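The values are calculated or read from the model by the stated rules, or taken from the named source; none is laboratory data. From a predicted model like this one, the values you see are computed outputs, not experimental measurements. Glycine gets a Cβ as well: all are built from the backbone with ideal geometry, and neighbour counts include every protein chain shown.
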Amino acid sequence: MLLSGARDVHALVRRTEGRECYERIRRTVERAASRYDMPLSYLIGLERQERADLIVRRVTTTGLRRVSRAARALDFLTLFPPAAIPLLLLVLYFGLYRFVGVFGAGTVVDFLERRLFGKVVNPVVNAFVTRHIDSVALRELVAGEYGVITLGLRYSVAIVLPIVGTFFLMFSVLEDTGYLPRLALMADRAFKLIGLSGRAVIPITLGFGCGTMATMVTRTLETRRERTIATVLLALAVPCSAQLGVILGMLATRPRALLLWAGVVGAAFLAAGRASSRFLPGERPVFYMEVPPLRVPVVSNVLAKTFTRMKWYFVEVMPLFMGASLVIWIGRMTGLFQLVLKGLEVPVKLIGLPPEAAFAFLFGFFRRDYGAAGLYDLARAGKLTASQLVVASVALTLFVPCVAQFAMMWKERGWRAALAITGVALAVAFASGYVLNLILTGTGALP
Amino acid sequence: MNGGSGARIFRARRGTISGERPRPTCPLAALRVGERGRVVRVKSASTPLLQKLLAMAVLPGSEVRVDLNFPAFVFEVGNTRVAVDRAIAEQIEVERVTCVEERPRGVKG
């Protein structure tokens, strides 16, 4: 183990044998290592493998493995690009869009939010606090429009949970079938363009569900550099489902505006990926994965995997959403929000929007869909032109991530990275909004 | 889907002991789909990568068969199937098995 360079064994020997003796041992190890052109740990591993193979050969017999026609067909479908890429798109369409987007974020959210919280939980909590709590401030803390229960709990249970839950269910099914490595290897080339390896397909697609959860899942990436790039992209240019829903709803009737929004955000995504992969120090991403044979998923495996990941959500993500309500409460009680609103009005006017839009940006920090919903209200009231709507949607999408995602970045990447990424997002959001506004008003491309 | 355990007989140190007939080698990235090769060495400076490849049985002496070379390299080695990107495939040095050895001897499968 000393020869292999196991760090804790080196530390142990240094502690127990004394510095002088350890130095002698270390020199001996170095001398031995200098005689080979490969790392000793690798050579030892090779030798071990060779011995293991000898034993295996002595005690086992191997027959010819027959590969079934079905397995060959599946291999063809999932590995041969002209077949695999359409299949990948189908999997994304049905798995992600139909199941997570339409069923999870639509049907289930609708039921939990409108029925359970809208008709039962919130009215009960509101009635309870009105009857039993005298202090308005305390009432507002738990109930009312932004309370910890009426907003924090509702948001995390009724809106985010169904999306994250359906995503992880689908994800576990894909994982259990053995399809994920094939998906990752198909995506590898494209992801290399933005400084990531194919493995990043998982956190990035999850980001379209919940950016906070996705930021946590960047843990699974191989290097620190990749984790940072993925965090930047998630914070800047991957709209989460809550936001996506409102923006799509708002721009759905204006196909050109929608196309423009998607184009600008997509370009920002590529540019941010290219830029961070160019300027962040560290090694380029490498991709290697074992590709297991495809199997029919086992229900118990799928459920166990889903539950393990849901535990992450309950333990690490949900408290952040509850905390966000607390921050809103403090902001409103201390008058801090009024101050920030005044400050935000400056860049908002600069990108050609009415000052009321500042409210949407501020609340976009607490719940990204609140921000978008604020714009939605302005648009319905006829206060935004088509070009203003696009500028606002672009700026809001690129704008800082929600407070929960910010806290997760802080936790996973450290405070410096969290603040730096947020600062960059803020600058990029308003700069893109500014330029887009100039172009749109200059050319009159959108009425 | 074959070439698994039989290939292991040629295990290790092949091509490194002097006196053996030297064979032309090429990076795994140069093999065509369906072609076979035997790993001569892995030329990577990264110890973690070497260890990972070792764990996936990509080591000197292993026989590989390329299944796919785009968008990533997928090859069979023993009973395992491994996917790597081009950069890694360039670092795995192999000697061709299919063309050089099997054809003249006319050995089946």
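Figures for the structure shown
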read-out	value
Filter result (of a type in the set (Ser, Thr, Tyr) and surrounded by fewer than 12 Cβ atoms within 10 Å (Cβ to Cβ)) within segment A:259-315	A:SER300, A:THR308
Segment A:346-368, residues that are in a helix (DSSP H, G or I) and surrounded by fewer than 18 Cβ atoms within 10 Å (Cβ to Cβ)	A:VAL346, A:LYS349, A:LEU350
Filtered residues of segment A:151-176 (kept if among the small types (Gly, Ala, Ser) and under 19 Å from A:TYR93 (Cα atoms))	A:GLY165, A:SER172
Residue within segment A:18-37 that is facing chain B (nearest Cβ under 10 Å), among the hydrophobic types (A, V, I, L, M, F, W, C) and surrounded by 14 or more Cβ atoms within 10 Å (Cβ to Cβ) present	no
Counted residues, segment A:8-17 - those being surrounded by 12 or more Cβ atoms within 10 Å (Cβ to Cβ) and not β-branched (Val, Ile, Thr)	4
One residue from A:LEU116, A:LEU40 being more than 30 Å from A:VAL148 (Cα to Cα) and either out of contact with any Phe, Trp or Tyr (no Cβ under 6 Å at 6 or more places or on another chain) or at the interface with chain B (Cβ under 10 Å from one of its Cβ atoms) (or both)	A:LEU40
Residue among A:GLY442, A:GLY423, A:GLY371, A:GLY343 that alone is crowded, with 22+ Cβ neighbours inside 10 Å and part of a helix (DSSP H, G or I)	A:GLY371
Breaking point among (1) modelled with pLDDT under 90; (2) within 11 Å of another protein chain (Cβ to nearest Cβ); (3) surrounded by 15 or more Cβ atoms within 10 Å (Cβ to Cβ), for A:ALA84	(1)
Residue within segment A:66-75 that is farther than 16 Å from A:LEU3 by Cβ, assigned to a helix (DSSP H, G or I), touching a residue at least 40 places away in the same chain (Cβ under 8 Å) and small (Gly, Ala, Ser) present	yes
Residue in segment A:270-291 that is β-branched (Val, Ile, Thr), touching a residue at least 12 places away in the same chain (Cβ under 8 Å) and more than 14 Å from chain B (Cβ to nearest Cβ) present	no
Wholly enclosed helices (runs of 4 or more DSSP H) of segment A:1-63 bearing at least 2 residues within 42 Å of the chain's Cα centre (by Cα) and within 27 Å of B:SER44 (Cβ to Cβ)	A:7-17, A:40-59
Residue that is nearest to the other protein chains (Cβ to nearest Cβ), among those in segment B:77-98 that are within 9 Å of the chain's Cα centre (by Cα) and among the charged types (D, E, K, R)	B:GLU93
Tabulated pairs, segment A:354-372, first closer than 17 Å to A:VAL391 by Cβ and outside the structural domain of A:CYS210 (by TED's automatic domain parsing), second part of a loop (DSSP other than H, G, I, E, B) and among the aromatic types (Phe, Trp, Tyr), C-beta under 8 angstrom, 6+ apart or interchain	A:PHE361/A:PHE399; A:GLY364/A:PHE399; A:GLY371/A:PHE399
Test for A:SER68: is it over 30 Å from A:ARG189 (Cβ atoms) and either over 34 Å from the mean Cα position of the chain (by Cα) or modelled with pLDDT under 85 (or both)	no
Helices (runs of 4 or more DSSP H) fully within segment A:113-225 counting 1 or more residues that are in contact (Cβ under 8 Å) with a residue 24 or more places away in the chain and over 25 Å from A:PRO82 (Cα atoms)	A:122-132, A:136-142, A:161-177, A:201-207, A:211-217
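Residues checked against (1) under 14 Å from A:CYS240 (Cβ atoms); (2) not β-branched (Val, Ile, Thr):
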{"position": "A:ALA395", "(1), (2)": "no, yes"}
{"position": "A:GLU412", "(1), (2)": "no, yes"}
{"position": "A:ALA425", "(1), (2)": "yes, yes"}
{"position": "A:ILE439", "(1), (2)": "no, no"}
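Condition check ((1) modelled with pLDDT of 90 or more; (2) more than 11 Å from every other protein chain (Cβ to nearest Cβ); (3) surrounded by 18 or more Cβ atoms within 10 Å (Cβ to Cβ)) across all residues:
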| residue | (1), (2), (3) |
| --- | --- |
| B:GLY6 | no, no, no |
| B:ARG13 | no, no, no |
| B:SER18 | no, yes, no |
| B:PRO22 | no, yes, no |
| B:THR25 | yes, yes, no |
| B:ALA30 | yes, yes, no |
| B:GLY37 | yes, yes, yes |
| B:VAL40 | yes, yes, yes |
| B:THR47 | no, no, no |
